[in-house]
Amino acid sequence: MDIIKAYIILSIALFLIGFLGVIVRKNLITILVSTELMLNGINLAFVAADKALGRVDGQIFAFFVLTVAAAEVAVGLGLVISIFRLKGFEASHEISQLRD
Amino acid sequence: MGEDRVEWIIFVILGTWLILSALGTVFVKSPIHVILFFLSTLLAMAAIFLALGAELLAGIQLIIYAVAIVVFYVLVITTIPWEKIKRFGGIYKSELMIASPILFILFLLMSYMVVKGKFAQPVGFVKDNVKDLGEELFTSYLFPFEVASIILLVAMIGAILLGRKEE
């Protein structure tokens, strides 16, 4: 088997582990960390495909994924802090309403 | 043949490191330990990027993820009272029971697709990773690059608005 295929299978595994984290974790901050794992899996797939094709376009897309990840962390953690400040909890099953 | 075997040894070591620390990120109870396992995952990712020949992306992974984002998570955890975090440290057991077999089957299906599929033919050859990436980024992808700066600006303003105290 080609080693690039092995790296892509590794990236699928990382993505699905992150997805499992989004499903099963209770804490909002750890849910955000799991979405970061999913984004990392996508980056790995981009870079592995780049190695197979001999181009750099996938790395540029990985770049933009990184930018969006930084923006997502800033906004997501702001949301977590404001949810915590308004309601005083941060377990995902307690947040069942959008309004106060 | 010898170089091929070295590549596989590197893949097995780094992949084991990556998968173990990702599983630790998902299943460890305390949020601080989650952040530390996540940092270990990011270091493994940077090493894999180096092994795949993406040197610039490995450096940026270290600078942005392993420094900026992880420090941001730690700062946010320190602002929230600790006993409230400890109350919600764990995972949902019944959801784990349902989700893990489904995701495992999904993993097997996607891996089967990857193993049986064929790749496109290589279309080029990267001589100098950093130089080629910079040229491509500032010619073909100049407009998305500028849009990325707008995204960061909007996210910064949004984070300030969301995070401030209500008067």
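The values are calculated or read from the model by the stated rules, or taken from the named source; none is laboratory data. The structure presented is a predicted model; accordingly, all values stated were derived computationally and were not measured. Because the Cβ atoms are built from the backbone with ideal geometry, glycine has one as well, and the counts that use them run over all protein chains shown.
Can you tell me which residue among B:Ile48, B:Ile80, B:Ile9, B:Ile102 is free of Cβ contacts under 8 Å to residues at least 40 places away in the same chain, surrounded by fewer than 13 Cβ atoms within 10 Å (Cβ to Cβ) and either touching a Phe, Trp or Tyr at 6+ places or on another chain (Cβ under 8 Å) or under 24 Å from B:Asn129 (Cα atoms) (or both)? Outline the logic, then answer.
Values: B:Ile48 fails: surrounded by fewer than 13 Cβ atoms within 10 Å (Cβ to Cβ); B:Ile80 fails: surrounded by fewer than 13 Cβ atoms within 10 Å (Cβ to Cβ); B:Ile102 fails: either touching a Phe, Trp or Tyr at 6+ places or on another chain (Cβ under 8 Å) or under 24 Å from B:Asn129 (Cα atoms) (or both).
Going through B:Ile48, B:Ile80, B:Ile9, B:Ile102 in turn, just one is free of Cβ contacts under 8 Å to residues at least 40 places away in the same chain, surrounded by fewer than 13 Cβ atoms within 10 Å (Cβ to Cβ) and either touching a Phe, Trp or Tyr at 6+ places or on another chain (Cβ under 8 Å) or under 24 Å from B:Asn129 (Cα atoms) (or both): B:Ile9.
Can you confirm whether A:Leu16 is under 12 Å from the mean Cα position of the chain (by Cα), at the interface with chain B (Cβ under 7 Å from one of its Cβ atoms), part of a helix (DSSP H, G or I) and farther than 30 Å from B:Gly124 by Cβ?
Details: under 12 Å from the mean Cα position of the chain (by Cα): yes; at the interface with chain B (Cβ under 7 Å from one of its Cβ atoms): yes; part of a helix (DSSP H, G or I): yes; farther than 30 Å from B:Gly124 by Cβ: yes.
Spelling it out, A:Leu16 is indeed under 12 Å from the mean Cα position of the chain (by Cα), at the interface with chain B (Cβ under 7 Å from one of its Cβ atoms), part of a helix (DSSP H, G or I) and farther than 30 Å from B:Gly124 by Cβ.
Six or more apart or on different chains, Cβ under 9 Å: which pairs go from a residue in the range B:106-127 that's of a type in the set (A, V, I, L, M) to one that's loosely packed, with under 10 Cβ neighbours inside 10 Å and not in a helix (DSSP H, G or I)? Could you list them?
B:Val115/A:Met1
Among what's in the range B:105-137 and is aliphatic (A, V, I, L, M), within 18 Å of B:Leu57 (Cβ to Cβ) and out of contact with any Asp or Glu (no Cβ under 6 Å at 6 or more places or on another chain), pick the residue that is surrounded by the fewest Cβ atoms within 10 Å (Cβ to Cβ). Lay out the reasoning, then the answer.
Here is the first cut: in the range B:105-137, the ones aliphatic (A, V, I, L, M) are B:105-106, B:108-110, B:113-115, B:120, B:123, B:126, B:130, B:133, B:137.
With within 18 Å of B:Leu57 (Cβ to Cβ) added as a condition, the list becomes B:126, B:130, B:133, B:137.
Those still in the list that are out of contact with any Asp or Glu (no Cβ under 6 Å at 6 or more places or on another chain) too: B:130, B:133, B:137.
Values: B:Val130: 13, B:Leu133: 22, B:Leu137: 19.
Step by step, filter the range B:105-137, then rank; the result is B:Val130.
Would the range B:138-158 turn up any residue that is in contact with an Asp or Glu (Cβ under 9 Å, 6 or more places away or on another chain) and among the β-branched types (Val, Ile, Thr)?
Taking the range B:138-158 as the starting set, the residues that turn out to be in contact with an Asp or Glu (Cβ under 9 Å, 6 or more places away or on another chain) are B:140-141, B:155.
Those still in the list that are among the β-branched types (Val, Ile, Thr) too: none.
Within the range B:138-158, not a single residue is in contact with an Asp or Glu (Cβ under 9 Å, 6 or more places away or on another chain) and among the β-branched types (Val, Ile, Thr).
Inside the range B:51-167, counting only helices (runs of 4 or more DSSP H) that do not spill past its ends, which hold 1 or more residues that are modelled with pLDDT of 90 or more and of a type in the set (S, T, N, Q)? If you could, list the steps in order and put the result at the bottom.
Details: elements: B:55-60, B:70-79, B:82-87, B:93-116, B:129-139, B:142-163.
Output list reads B:93-116, B:129-139, B:142-163.
Yes or no: A:Arg55 of a type outside the set (Asp, Glu), within 9 Å of chain B (Cβ to nearest Cβ) and not in a helix (DSSP H, G or I)? Before you say what the answer is, go through the steps one by one.
Details: of a type outside the set (Asp, Glu): yes; within 9 Å of chain B (Cβ to nearest Cβ): yes; not in a helix (DSSP H, G or I): yes.
Against the criterion (of a type outside the set (Asp, Glu), within 9 Å of chain B (Cβ to nearest Cβ) and not in a helix (DSSP H, G or I)), A:Arg55 qualifies.
Quick one: is A:Ile83 more than 7 Å from every other protein chain (Cβ to nearest Cβ), touching an Asp or Glu at 6+ places or on another chain (Cβ under 8 Å) and farther than 18 Å from B:Thr25 by Cα? Lay out the reasoning, then the answer.
On the way: more than 7 Å from every other protein chain (Cβ to nearest Cβ): yes; touching an Asp or Glu at 6+ places or on another chain (Cβ under 8 Å): yes; farther than 18 Å from B:Thr25 by Cα: yes.
Judged against the criteria, A:Ile83 is a match.
Determine which member of the set B:Ser111, B:Ser94 is assigned by TED's automatic domain parsing to the domain that holds B:Phe27 and of a type in the set (S, T, N, Q).
Values: B:Ser111 fails: assigned by TED's automatic domain parsing to the domain that holds B:Phe27.
Going through B:Ser111, B:Ser94 in turn, just one is assigned by TED's automatic domain parsing to the domain that holds B:Phe27 and of a type in the set (S, T, N, Q): B:Ser94.
What are the residue pairs meeting all of these: first residue in the range B:60-72, first residue more than 10 Å from chain A (Cβ to nearest Cβ), second residue in a helix (DSSP H, G or I) and not acidic (Asp, Glu), Cβ atoms under 8 Å, and 6 or more apart or on different chains?
B:Leu62/B:Leu42; B:Leu62/B:Leu43; B:Leu62/B:Ala46; B:Ala66/B:Leu39; B:Ala66/B:Leu42; B:Ala66/B:Leu43; B:Ala66/B:Ala46
From A:Asp50, A:Asp57, which residue is acidic (Asp, Glu), surrounded by 20 or more Cβ atoms within 10 Å (Cβ to Cβ) and without any contact (Cβ under 8 Å) to a residue 24 or more places away in the chain?
Numbers: A:Asp57 fails: surrounded by 20 or more Cβ atoms within 10 Å (Cβ to Cβ).
Among A:Asp50, A:Asp57, only A:Asp50 is acidic (Asp, Glu), surrounded by 20 or more Cβ atoms within 10 Å (Cβ to Cβ) and without any contact (Cβ under 8 Å) to a residue 24 or more places away in the chain.
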